[in-house]
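Okay, structure first, notes after.
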Amino acid sequence: MSAASSTPPLDRFSLPDAGGHFGRYGGTFVPETLMTALAELTAAYLVARDDPGFQAELRHHLKEFAGRPTELYFAERLTAHVGGAKIYFKREDLLHTGAHKINNALAQALLARRMGKKRIIAETGAGQHGVATASVCAKFGLECVIYMGAHDMERQALNVFRMRLMGATVVGVEAGQKTLKEAINEAMRDWVTNVRHTHYILGTAYGAHPYPMMVRDFHRVIGLEAKEQLLAREGRLPDEMVACVGGGSNAIGLFFEFLEDPGVRLFGVEAGGRGIKRGEHAARFAGGRLGVLQGCKTFLLQDAEGQIELTHSVSAGLDYAAVGPEHAFYRDRGRIEFGYATDAEVMEAFQLCSRQEGIIPALESTHALAFGLKRARDLGPDKVVVIGLSGRGDKDVQQVAALLEKTKA
Ligand SMILES: *Cc1c(COP(=O)(O)O)cnc(C)c1O
């Protein structure tokens, strides 16, 4: 590589720097009133991270409550169907509450408890992070308030009911598009007001420092397990790994242990929606550029004036205008490559996986699957592809049924 002389060797543990920067990305772009809270959180997290007691407690609850370790599953019939590389799934869909999000929610709840904060707030889009947060709050006896766009509450009524069953207060946000971006704004407003006794459990590897770092660390267990499991099973590292990228938490969790293994190609898959046209997708690396949104500097979908563009995806969990700063950094370095899957490709892969493997994947995860199947097809049978199955599709079956009905009509 010609850039090798100017590019320092990769050291995944050197990032972010003390200010939360991943190269030119990340940082802390918040109101003055939150700076103290973020500094306090960073300090508390760094102490907890190095405390064997905290780590042991976390491991215990990840096992007993969340259901770790999750399986690395050989998708035998899909492999035969595709006729290329061996396909493995990292089965985060088997976790309690149905997705990887519980890893982070559980860890942050333990951290809040350690910090003496008894009230938890969180934002949620599709409701998956809200459900995970409500669940851990019930378990630890913490007060829980979830902010959710009013439009999302209509679309995801079942998840609203699940959160309320577990004792959470769900606050509908009526501003703007009434979706995730507005819910995050409301959660930040609440935090500013109640910061002394409240912790904000942010749901992805995004936002102001320390969240991108902390959330990444709490999901690293995905890749740590996957590496050990694949070495035991195949006696070698995978050739390629594929994960879907909303904010980027399941992907960076799966990839982190492999960043310094140059033989392993890493692919992040964004939501291609109805195609890469303004307002029709959420593929930030396909149509976005550098900007600042909700706490950090990163790639985002914006118009010429810097107004945030509308996004669209069949999967609510990938439907966000900005991407986690660490992904933007590794994309610049060429270490993580990015592609997208369209709604139509996702609908096809969703049905194929259900039929071939008896596993109904979340629509978010199906983006990784659709892309990963194409990769596997292009690789020889002596190759291995690991696909991050970030969640299960139970939440999506009604939506898929309605969409299939529409295409039939
Ligand atoms: C929320 C969610 C995502 C997207 O979030 P990341 O932070 O990018 O992982 C992906 N898959 C599932 C199942 C989700 O619930």
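The values are calculated or read from the model by the stated rules, or taken from the named source; none is laboratory data. Treat the numbers as computed from the prediction; the structure is a model and nothing was measured. Here the Cβ is made from the backbone with ideal geometry for all residues, glycine too, and neighbour counts use every protein chain on show.
Quick notes on this structure:
- Checklist (1) in contact with a helix residue (DSSP H, G or I) (Cβ under 6 Å, 6 or more places away or on another chain); (2) away from the ligand (no atom under 14 Å from the Cβ); (3) over 17 Å from GLU270 (Cβ atoms) applied to ARG333, failing item: (1)
- Breaking point among (1) more than 21 Å from GLY391 (Cα to Cα); (2) touching a Cys at 6+ places or on another chain (Cβ under 6 Å); (3) of a type in the set (A, V, I, L, M, F, W, C), for VAL269: (1)
- Hey, HIS209 crowded, with 24+ Cβ neighbours inside 10 Å, in contact (Cβ under 8 Å) with a residue 60 or more places away in the chain and more than 19 Å from GLN128 (Cβ to Cβ) or not: yes
- Search result, residues across the stretch 357-379 that are assigned to a helix (DSSP H, G or I) and not aliphatic (A, V, I, L, M): GLU357, GLU364, SER365, THR366, HIS367, PHE371, GLY372, LYS374, ARG375, ARG377, ASP378
- Taking the criterion of being part of a helix (DSSP H, G or I), among the aliphatic types (A, V, I, L, M) and more than 23 Å from ALA183 (Cα to Cα), the residues of the stretch 298-356 that qualify are ALA328, ALA344, VAL346, MET347, ALA349, LEU352.
- Qualifying residue in the stretch 84-91 (condition: in contact with a Gly (Cβ under 6 Å, 6 or more places away or on another chain) and assigned by TED's automatic domain parsing to the domain that holds HIS327): yes
- Residue match in the stretch 162-178 (condition: touching a residue at least 40 places away in the same chain (Cβ under 8 Å) and either closer than 18 Å to VAL30 by Cβ or buried (at least 22 other Cβ atoms within 10 Å of the Cβ) (or both)): no
- Checked against (1) away from the ligand (no atom under 14 Å from the Cβ); (2) buried (at least 24 other Cβ atoms within 10 Å of the Cβ); (3) under 17 Å from the mean Cα position of the chain (by Cα), HIS367 passes all but a single condition, namely (1).
- Of all residues in the stretch 240-285 being assigned to a helix (DSSP H, G or I) and touching an Asp or Glu at 6+ places or on another chain (Cβ under 7 Å), the one that is farthest from the ligand (Cβ to nearest atom): PHE285
- Condition met for GLY372 (in contact (Cβ under 8 Å) with a residue 60 or more places away in the chain, among the small types (Gly, Ala, Ser) and surrounded by 24 or more Cβ atoms within 10 Å (Cβ to Cβ)): yes
- Of all residues in the stretch 222-237, those satisfying the criterion of being touching a residue at least 12 places away in the same chain (Cβ under 8 Å), away from the ligand (no atom under 14 Å from the Cβ) and assigned to a helix (DSSP H, G or I) are LEU224, GLU225, ALA226, LYS227, GLN229, LEU230, ARG233, GLU234.
- Screening ALA138, ALA132, ALA109, ALA126 for residues that are crowded, with 24+ Cβ neighbours inside 10 Å, more than 10 Å from the ligand (Cβ to nearest atom) and not assigned by TED's automatic domain parsing to the domain that holds GLU357 leaves exactly one candidate, ALA109.
- The set of residues in the stretch 315-348 that are buried (at least 24 other Cβ atoms within 10 Å of the Cβ) and closer than 14 Å to LEU373 by Cβ comprises ALA341, VAL346.
- Scanning the stretch 65-120 for residues that are farther than 18 Å from ILE201 by Cα, in a strand (DSSP E or B) and either at pLDDT below 95 or of a type in the set (A, V, I, L, M, F, W, C) (or both) returns LEU72, PHE74, ILE87, PHE89.
- Just one of the numbered conditions (1) away from the ligand (no atom under 11 Å from the Cβ); (2) more than 30 Å from GLY20 (Cβ to Cβ); (3) assigned to a helix (DSSP H, G or I); (4) not β-branched (Val, Ile, Thr) is not true of ASP382: (3).
- Candidate set: the stretch 33-64, residues that are among the acidic types (Asp, Glu) and in a helix (DSSP H, G or I); chosen: the one farthest from HIS219 (Cα to Cα): GLU40
- Look at the stretch 93-122: where a residue is closer than 17 Å to GLU40 by Cα and a partner is basic (Lys, Arg) and away from the ligand (no atom under 14 Å from the Cβ), sitting 6+ places away or on another chain with Cβ atoms under 9 Å, you get ALA109/LYS139; LEU111/LYS117; ALA112/LYS118; ALA112/ARG119; LYS117/ARG196.
- Taking the criterion of being among the hydroxyl-bearing types (Ser, Thr, Tyr) and either at pLDDT below 90 or touching a Pro at 6+ places or on another chain (Cβ under 7 Å) (or both), the only residue of the stretch 286-331 that qualifies is THR298.
- Evaluated against (1) in contact with a Leu (Cβ under 8 Å, 6 or more places away or on another chain); (2) within 16 Å of the ligand (Cβ to nearest atom); (3) more than 27 Å from GLY380 (Cα to Cα), GLY203 falls short on exactly one condition, (1).
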